[in-house]
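Take a look at the structure below.
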Amino acid sequence: MRHGAGLIRAVLGIGIANLLAYRADLVLSGVQIALRLVVQIVTIAIIFNHTSVLNGWTAGQMVVLLGVHATLEGWLELLVLPSLYDLVDAVREGSFDFVLIKPIDAQLLTIIQRFNPAGLSTLASGLLVVVVGVTTVGTSASAVGWFILTLVFSAVILSSFVMLLCTTCFWFVNVTNFIDVFAMSFSEAGKWPLAIYPRWLKWGLTVVLPVGFAVTVPSQAITARADGETIAFAFALVIATVVASRLLWRRAIRSYTSASS
């Protein structure tokens, strides 16, 4: 256990060192992301100039949701998507063998092996927008606690779901199109609350492609609008996606034919 923890710290340390080596990229990407978020906040302001509530969501709550969306997008950009794109390339090219021979769980190593500096800027900007939104709607200490918990739930759900998509690369030649569709769906559908969608699409964005659910629940939690049933369902979805991704990964490893065999 101690040896494994040391290996994880070493891998993360190398990744963070590489990330900090490109400080100019961090600054430039931060400026770009800040401008994009400002445009999106102005869009929300224009919408709420004509209405006071959008299917139960106020302007301040929409700003919070926008911040949660950017935070989770930053998490995916920072660690998950770069690492899993590398997995697809490694399996196709045969270099995945070098991951398997390392003395650490291959699935864990796969998801922490590469950092994208731009993702850190997106994540930090998203958290800042959440704070700005919360100042307009108010919150409580308990709501902040539930927010942190559900935000972690959402990050795990999205990471496990992308891992499920990427693991299919062991059977298919190229699955980057699947990942691109997920990223586009998250970028477009995830920035709006589930409440605005029709019932069939709401169900799809909760179970089939859980991008809407992952963004909406933390936004509800920090504004004290998430009930116990919703949080329990989020926890169940965490368990389901983690177990499914692990089982599919183990099956994929058993069927993997290394480049040297």
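Scan the range 34-79 for residues that are part of a helix (DSSP H, G or I), surrounded by fewer than 23 Cβ atoms within 10 Å (Cβ to Cβ) and among the β-branched types (Val, Ile, Thr) and jot them down.
VAL38, VAL39, ILE41, VAL42, THR43, ILE44, ILE46, ILE47
Give me the residue from the range 227-261 that is under 20 Å from the mean Cα position of the chain (by Cα) and more than 30 Å from ILE101 (Cα to Cα) and, out of that set, least open to solvent (accessible area, probe 1.4 Å).
Ranking the candidates gives ALA234 first.
Restricting the search to the range 132-174, which residues are among the aliphatic types (A, V, I, L, M), over 17 Å from LEU65 (Cβ atoms), surrounded by 21 or more Cβ atoms within 10 Å (Cβ to Cβ) and in contact with a Ser or Thr (Cβ under 7 Å, 6 or more places away or on another chain)?
Listed by number, the list holds a single entry, MET163.
Six or more apart or on different chains, Cβ under 8 Å: which pairs go from a residue in the range 167-193 that's of a type in the set (Phe, Trp, Tyr) to one that's open to solvent by 30 Å² or more (accessible area, probe 1.4 Å) and in a loop (DSSP other than H, G, I, E, B)? Could you list them?
Short answer, once both residue conditions are applied: PHE170/TYR256; PHE182/LEU209.
Filter the range 80-106 down to residues that are open to solvent by 20 Å² or more (accessible area, probe 1.4 Å) and closer than 16 Å to PHE161 by Cα, then give me how many there are.
2
The values are calculated or read from the model by the stated rules, or taken from the named source; none is laboratory data. Computed from a predicted structure; not experimentally measured. Methodologically, a virtual Cβ is constructed for each residue, glycine included, from the backbone with ideal geometry; neighbour enumeration extends over all protein chains shown. When the accessible area is computed, the model is the full protein with side chains, heavy atoms only, and any ligands, DNA or RNA have been set aside. Shrake-Rupley method; radii C 1.70, N 1.55, O 1.52, S 1.80 Å.
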